[in-house]
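Read through the structure below, which is laid out as structure tokens, and then see the notes.
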Amino acid sequence: MKLSTKSRYAVTAIIDLAQNQKGAVSLKDISDRQAISLSYLEQLFCKLKNKKVVTSRRGPGGGYKLNRECSKITLFEIITAVDENIDQTQCGGSMNCLKDKPCSSHHVWTGLNKIIKNYMESITIEDVITNQVMHNLHDARESKTHVS
């Protein structure tokens, strides 16, 4: 699976927002810190706001805030909020890959979809900020090397 720039920028921007949220954070500040186009961020945050990942406040001191604690927002939620499709099948899950029937490897790709979805749902913004993702991967790797 290769995530688009849209997903990567959305996740990066939400992490930045979470790390700098002392009040509302302006998209201009995120743009400057992350080197992401302001107009691109505006498009992403419109989608994120519609999906209730963030809220906005207008006027002086305005900007965006997370709608919930960062421990309650998953990477999957952000990725799907900006219309990213994580489906690995060629048929979009409709099982008509090959002349209105599933291809011989359809079950492999639907299984991969489940693994990706579960993985992305298991990682919160807080996990990324606290580097918990790397700790979890290290722990998983260590437990495999110690199993007899």
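The values are calculated or read from the model by the stated rules, or taken from the named source; none is laboratory data. Computed from a predicted model, the values in this text were never measured in an experiment. So basically every Cβ, Gly included, is an ideal-geometry build from the backbone, and we count neighbours across all protein chains shown. What goes into the accessible areas is simple: the full protein's heavy atoms, side chains included, and nothing from ligands, DNA or RNA. Shrake-Rupley method; radii C 1.70, N 1.55, O 1.52, S 1.80 Å.
Surface calculation, 1.4 Å probe, protein heavy atoms: SER31 sits at approximately 20 Å² accessible.
Given a 1.4 Å probe and the protein chains as shown, ASP87 ends up with an accessible area of around 40 Å². Within the straight-line cut-off of under 16 Å between alpha carbons, the lysines reachable from LYS49 are LYS6, LYS65, LYS72, sequence neighbours fewer than 8 places apart in one chain being disregarded. Ordered by solvent-accessible area of protein heavy atoms (1.4 Å probe), largest first, the residues ILE116, ILE125 come out as ILE116, ILE125. When the P(r) of the chain is calculated, the portion above 28 Å amounts to 32% of the C-alpha pairs. Relative to the longest principal axis of the Cα atoms of the chain, the long axis of helix 38-50 lies at roughly 70 degrees. Calculated mean residue ellipticity at 222 nm for the chain: -16500 deg cm²/dmol, from DSSP H runs with n ≥ 4 weighted as -39500 (n - 2.57), summed, divided by the residue count and rounded to 500.
Here GLU121 sits with roughly 70 square angstrom of accessible surface, probe radius 1.4 Å. Distance between the 7 Å Cα→Cβ label points at GLN19 and ASP32: 1.6 nm. Applying 1/(1 + (r/R0)^6) with r as the Cβ-Cβ distance of GLN88 and ASN131 and R0 = 30 angstrom yields a FRET efficiency of 0.60. For the chain, the longest principal axis of the alpha carbon atoms and the long axis of helix 132-145 meet at an angle near 30°. Dipole magnitude for the chain: computed about the Cα centre from +1 point charges on Lys and Arg Cβ and -1 point charges on Asp and Glu Cβ, it is near 360 debye. Rounded to the nearest 10 degrees, the inclination of helix 5-19 to the longest alpha-carbon principal axis of the chain is 50 degrees.
With a 1.4 Å probe and all protein chains left in place, how much of the accessible area of the chain comes from carbon and sulfur atoms, in whole percent?
Numbers: 4830 of 9400 Å².
Reported share for carbon and sulfur atoms: 51 percent.
Scattering from region 1-45 was approximated by placing one identical point on each alpha carbon and applying the Debye formula without solvent; log10 I(q)/I(0) at 0.18 1/Å stands at -0.47.
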